[in-house]
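Undergrad: Here it is, the structure, as structure tokens.
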Amino acid sequence: MKLMYINGKFTNGHATEEIQVQNPATEEIIDSIPRGKPEDIQEAVQAAKSVFDSWRKMGSNERASLLHEVAGKVHEHKEKIVQLLTLEEGKPVAENEEEVEWVINTFRYYAELGRHHRGSVLTSGEHSQFNFIIKEPYGVVGCIVPWNYPLLLLAWKVAPALAAGNTVVIKPSEMTPLTALYLAEHCFNHLPAGVVNVVTGYGLETGEPLVKHPDVPVIAFTGSLATGQKIASIGAPMMKKLHLELGGKDATVIAEDADPEIAAKAVAYAALLNAGQVCTSTERVYIPRRGGAKFTEAIVEHVKSLRIGPGTDSATDMGPMIGDSYRAKFEKHIADAKSNGAKVLFGGGRPKHLTKGFFHEPTVLSDVNHSMVIMREETFGPAVPIMEYTTFDEAIKLTNDCMFGLGAVLISNDPKKIKQFFDDVKAGTIWINDPLTDNYAGPFGGMKYSGGARELGEVGLDEFREVKHVHWDFNMEDKSYWYPYGRE
Ligand code: NAD
């Protein structure tokens, strides 16, 4: 069993039970973790609160070098971390290598950004005055992380939160806690005790007590809309800073000028990366009605060529889904589409050659419409539902006909269409011809029900700093606008 990390020590805390961690590709139990209790959150928050003042007052050079050291240690342990990530999350090794690279560079990026500046000087109303803005840390940040990118989404919160001078309590997903605990043991172990804490357990027993805790002013959460709404209902009346990264239902629009082979590859990557379990997965594909068949055929041909198997096999393109209940929900969406007239052009079932693990074939569908669940709700699995549009205006209307607004993709080289797309589509990230590529300096986050938080970039640092305005008058003297009024 792996232990929790509280106040610089590995502990079973108050747990009386353990939670087993399963490999989604084999269904084998790979390890277990303590089933943490609210008392463990209490102790972790206490530790993070006690060290906050010294961490926030630490010189920026020293803090930066400690964060660079985190990056250096992740780099040193990369192979082992990738292996563990592949076992607990399931996606192919190549995708996990990419995820770990992101972790390394996110810590490096924020180590530097954190010492760049912490405010600005304003133009004062009078020459004798000095006005400036200080951006300062909030205190203890609760970081609640999902299972689909267990380390990347941890780094996008923890690195900027620490760089801004906050301390953190991390609650990893109960399905993928092992890599977070590995980082605690090997990569956070040089930080002062209490600066980073990792409490394992279920959402209701550890996540919710973290949200309710009066000494945790910020909750940085990535996860489902339902959990985000619950967190908001608890945190909003407590006036907490809620940083919520929620679900998505991203569209890819293929324009008439697109090359069918390129468009097919872009769509498959966007829809099937991590078996479609990316918040910015393409979950709706819109193709032009005129000449649409060539796009559909190219997509089917390309998807047919993909190899499904365990992530540990270097020949695998697509791994398993995370668990049985997630696969069951996915299958419901496919069944609903079929019963309402959708056609399965490829896939549609569980792969015959894989008897263990939560695998599902990548599934290409046509004849879908917006009355179907698969075009409305987050599916979070390997589906490629294709719908035709008549005009580009209609494609944009369909893209926006969605409660979520996380990302959107356009495949085109037509500048007029590209401009119309990024002007009129309501989404936090617009990708033209290169879906799902993020940028350390580029804010990532959503609009509408995807939540309004932003990660990465300077905005991602500011999410963890609050603003204080200082008005300073050098002259300690009576002011003409003080009482009594009406003096000559
Ligand atoms: P989830 O909401 O079930 O769980 C996320 C985390 O919240 C887990 O650590 C869980 O234990 C915890 N949790 C559960 N109930 C809680 C509660 N009542 N109070 C506090 N914490 C609680 O989500 P998931 O299934 O782990 O992740 C998949 C979801 O995450 C998808 O909806 C996906 O779109 C979303 N996601 C969003 C982004 C983004 O950046 N917008 C990125 C990745 C994933």
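The values are calculated or read from the model by the stated rules, or taken from the named source; none is laboratory data. Since we're looking at a predicted model, the values are computed, not measured. Positions of Cβ are generated from backbone atoms using ideal geometry, with glycine treated the same way; all protein chains shown enter the neighbour counts. In case anyone asks, the SASA skips ligands and DNA or RNA and just uses the protein heavy atoms, side chains included. Shrake-Rupley method; radii C 1.70, N 1.55, O 1.52, S 1.80 Å.
Undergrad: For the chain, find the longest principal axis of its Cα atoms and tell me its angle to the long axis of helix 260-272, 0 to 90°, nearest 10.
TA: With both axes taken from Cα atoms, the answer is about 60 degrees.
Undergrad: Please give the net charge around His353, taking every other residue with its beta carbon less than 13 angstrom from that of His353, where Lys and Arg add +1 and Asp and Glu add -1.
TA: With Lys, Arg at +1 and Asp, Glu at -1, the net is +2.
Undergrad: Against the longest principal axis of the chain, how steep is helix 292-304, in degrees 0 to 90 to the nearest 10, with axes from Cα atoms?
TA: 80 degrees
Undergrad: I would also like to ask the following. Under the definition of Cα pairs under 8 Å and six or more residues apart, what whole-number percent is the relative contact order of the chain?
TA: Across the chain, relative contact order equals 18 percent.
Undergrad: Based on DSSP loop calls and a cut-off of at most 13 other Cβ atoms within 10 Å, the longest stretch of the chain free of exposed chymotrypsin sites (Phe, Trp or Tyr not before Pro) is what?
TA: Value returned for the longest uninterrupted segment is 1-473.
Undergrad: Report the one residue of Val216, Gly442, Tyr149 whose Cα lies farthest in the direction of the positive end of the charge dipole of the chain (charges on C-beta: Lys and Arg +1, Asp and Glu -1; origin at the Cα centre).
TA: Of the candidates, Val216 comes out farthest on the positive side.
Undergrad: Using 0.36 nm times the number of residues separating Met238 and Glu97, minus their current alpha carbon distance, what extension gain do you get?
TA: 46.8 nm
Undergrad: In a shell of Cβ-Cβ distance under 13 Å around Pro415, excluding Pro415 itself, what net charge do Lys and Arg (+1) and Asp and Glu (-1) give?
TA: Neighbour charge sum, excluding Pro415 itself: 0.
Undergrad: Among Gln42, His75, Leu461, flag the residue with its Cα farthest along the positive direction of the charge dipole of the chain, charges on Cβ as +1 for Lys/Arg and -1 for Asp/Glu.
TA: Sorting the options by dipole projection puts first Gln42.
Undergrad: So what does His186 come to for accessible area, using a 1.4 Å probe and Å² rounded to 10?
TA: 50 Å²
Undergrad: Here's another thing I want to ask about it. How far is it, in nm, from the label point at Ser60 to the one at Lys419 when both lie 7 Å from their Cα along the line to the Cβ?
TA: Here the answer is 4.0 nm between the modelled labels.
Undergrad: Using a probe radius of 1.4 Å on heavy atoms only, what accessible surface per residue do you get for the chain? Whole Å² is fine.
TA: 42 Å²
Undergrad: Averaging sequence separations of C-alpha pairs under 8 Å and six or more residues apart, then dividing by the length of the range 250-432, give the relative contact order as a whole percent.
TA: RCO, the range 250-432: 28 percent.
Undergrad: Shifting gears a bit: If you roll a 1.4 angstrom probe over the protein chains with everything in place, what fraction of the accessible area of the chain belongs to carbon and sulfur, to the nearest %?
TA: 53 percent
Undergrad: Per Stokes-Einstein, at 37 °C and 0.692 mPa s, what whole-number D in µm² s⁻¹ belongs to the chain, with the Kirkwood radius over Cα pairs as the hydrodynamic radius?
TA: Rounded, D is 138 µm²/s.
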